[in-house]
Amino acid sequence: MDHARSRREWKRAQRSIPGGVNSPVRAYRSVGGTPPFIASARGARIRDVDGNEYIDYVGSWGPMILGHAHPKVLAAVRAAMKLGTSFGAPTPRESDLAEAVRRAMPSMEMLRLVSSGTEATMSALRLARGVTGRARILKFDGCYHGHSDGLLVGAGSGVATLGIPGSPGVPKAMTDLTIVAPYNDLAATRAAFERWGGEIAAVIVEPVAGNMGCVPPVPGFLAGLRTLCDEFGALLVFDEVMTGFRVARGGAQKLYRVKPDLTTLGKIVGGGLPAAAYGGRRDLMRRIAPEGDIYQAGTLSGNPLAVAAGLETLRLLEAKGVYEALTTTAKTLASGLETLARERGIPFCTASVGGMFGFFFHPGPVESFAQAQQSDAARFRSFFASMLESGIYLAPSPYEAAFVSLAHRPRDVDRTLEAARKAFARSIRAR
Ligand code: HOZ
């Protein structure tokens, strides 16, 4: 594969943009090589500026559940665009989107649209602190909830990929209020509550962790969090930016039958344009300004193009069999990879939930960030490079989930597994 143009573009980008990228993981720092600069994408395929085509399992990090450039989403955006691109004033379609979300996720009795997942989680936690009058937040090691100050501790995603322990610029006082417990560890969570119980405003959790690879909750973990929150008067916040409309139409809360007080959404809810949301119990959401006294605002919140893309995406996800299809694709990939690795005696484990999956070069199980960090980084790098060379576009980090779309066909899965067979063989030779 020729990457000459991507290399040139990357050099150019680095003169104006830190690392040449507008979000750190995209720079391929942990896997090496040149990140393909993208020219276009359609369906399950993404094409770079050198004309190389890849089967895409990044899906813009989650939103592209219908596949890229879905004609109906494009038509909806085009139609909206003709009417104006931003008003900074309410529109009927924002209520349409809010109602569509509420139908899918009844725990979101009221919601507010924002523009990014970071904004959604930051705002939900402000609300939680405002209503409880408490300052502390409990999060889990390896979960990533965007880049707001108080949440940049024990964070997965790019923070984990780059091995950044925390970030300069975040005063210690901001993260002193954040308690970090190991994911899937109820005993440690209880211990934290016993120490700080009366001060904890909220527990925030990715109900299926997708920013340390894909790590599902162990049975009873989410229900246990619900019980602890109730016992100690804290709010339970499900960060479903990744899992919302991804693991099931009603998100992880539907799948695992645990009702959070507040939920954050992003990615799919914007259909590939910048929209996100936070919402939950009506009595809580009524505290948001102007109905209440807790302030949060945004010029592009409820942007008409993003709302149109989100609405059309959610509408198309109502079709019968959608989540069964996504689940089958993700499961087939995960189990196919596991079989191939096992045939070669490579320590390897996988997980898949709905339309997301992940893998670790680790014998398994991986239920926590500490275990995820024990996976074989060198093997991941070699596997990643070989897959890319074979035209398979994976997230360039072991600390990210992979996403499938409705555009992925069985032949894409076959091609991916064929590429994986080669990649596993190479990874053995390289040792
Ligand atoms: N935090 C995102 C993945 N979990 C990265 C997004 C991006 O680089 O676009």
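Structure data summary
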read-out	value
Pairs, first farther than 24 Å from L284 by Cα in region 296-307, second surrounded by fewer than 18 Cβ atoms within 10 Å (Cβ to Cβ) and among the aromatic types (F, W, Y), C-beta under 8 Å, six or more apart	P304/F87
Pairs, first more than 14 Å from E338 (Cα to Cα) in region 399-428, second of a type in the set (V, I, T) and modelled with pLDDT under 95, C-beta under 9 Å, six or more apart	Y399/V25; Y399/V159; Y399/T161; E400/V25; E400/T161
Search result, residues across region 218-230 that are within 24 Å of M122 (Cα to Cα) and not small (G, A, S)	F221, L222, L225, R226, T227, L228, C229, D230
Any hit, region 86-106, residues being within 27 Å of V404 (Cα to Cα) and under 18 Å from the mean Cα position of the chain (by Cα)	yes
Region 101-117, residues that are assigned to a helix (DSSP H, G or I) and buried (at least 19 other Cβ atoms within 10 Å of the Cβ)	V101, A104, G117
Condition met for I55 (under 22 Å from the mean Cα position of the chain (by Cα) and of a type outside the set (S, T, N, Q))	yes
Residues being under 21 Å from A395 (Cα atoms) and either acidic (D, E) or without any contact (Cβ under 8 Å) to a residue 40 or more places away in the chain (or both) - total across region 311-338	6
Complete set of residues in region 122-146 that are within 16 Å of the ligand (Cβ to nearest atom), farther than 12 Å from T178 by Cβ and not hydrophobic (A, V, I, L, M, F, W, C)	G142, Y144, G146
E99 at pLDDT 95 or above and in contact with a Gly (Cβ under 8 Å, 6 or more places away or on another chain)	no
Boolean, E94 is in a helix (DSSP H, G or I), charged (D, E, K, R), over 20 Å from Y183 (Cα atoms) and within 16 Å of the ligand (Cβ to nearest atom)	no
Hits in region 406-424 (condition: in contact with a Ser or Thr (Cβ under 9 Å, 6 or more places away or on another chain) and part of a helix (DSSP H, G or I))	P410, D412, V413, R415, T416, L417, E418, A419, A420, K422, A423, F424
Restricting region 1-36 to residues that are of a type in the set (A, V, I, L, M, F, W, C) and crowded, with 19+ Cβ neighbours inside 10 Å, the residue that is nearest to the chain's Cα centre (by Cα)	V25
Hey, A419 surrounded by fewer than 17 Cβ atoms within 10 Å (Cβ to Cβ) and not basic (K, R) or not	no
Selection within region 41-72 - at positive phi and either in contact with an Asp or Glu (Cβ under 7 Å, 6 or more places away or on another chain) or not hydrophobic (A, V, I, L, M, F, W, C) (or both)	G43, G51, G59, S60, G62, G67
Residues within region 274-304 that are hydroxyl-bearing (S, T, Y), closer than 30 Å to S405 by Cβ and in a loop (DSSP other than H, G, I, E, B), tallied	1
Residue, nearest to I200 (Cα to Cα), within region 127-176, restricted to residues that are of a type in the set (S, T, N, Q) and over 15 Å from the mean Cα position of the chain (by Cα)	T132
Within region 130-149, tally of residues that are within 25 Å of P217 (Cβ to Cβ) and part of a helix (DSSP H, G or I)	1
Matching entry among E324, E343 (being farther than 26 Å from I65 by Cα and of a type in the set (D, E))	E343
Selected residue (criterion: farthest from the ligand (Cβ to nearest atom)) from residues of region 214-260 that are farther than 18 Å from V353 by Cα and in contact (Cβ under 8 Å) with a residue 60 or more places away in the chain	G233
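The values are calculated or read from the model by the stated rules, or taken from the named source; none is laboratory data. The model shown is predicted, which means the values in this text are computed figures rather than measured ones. With ideal geometry, Cβ positions are generated from the backbone for all residues, glycine too; neighbour counts draw on all protein chains shown.
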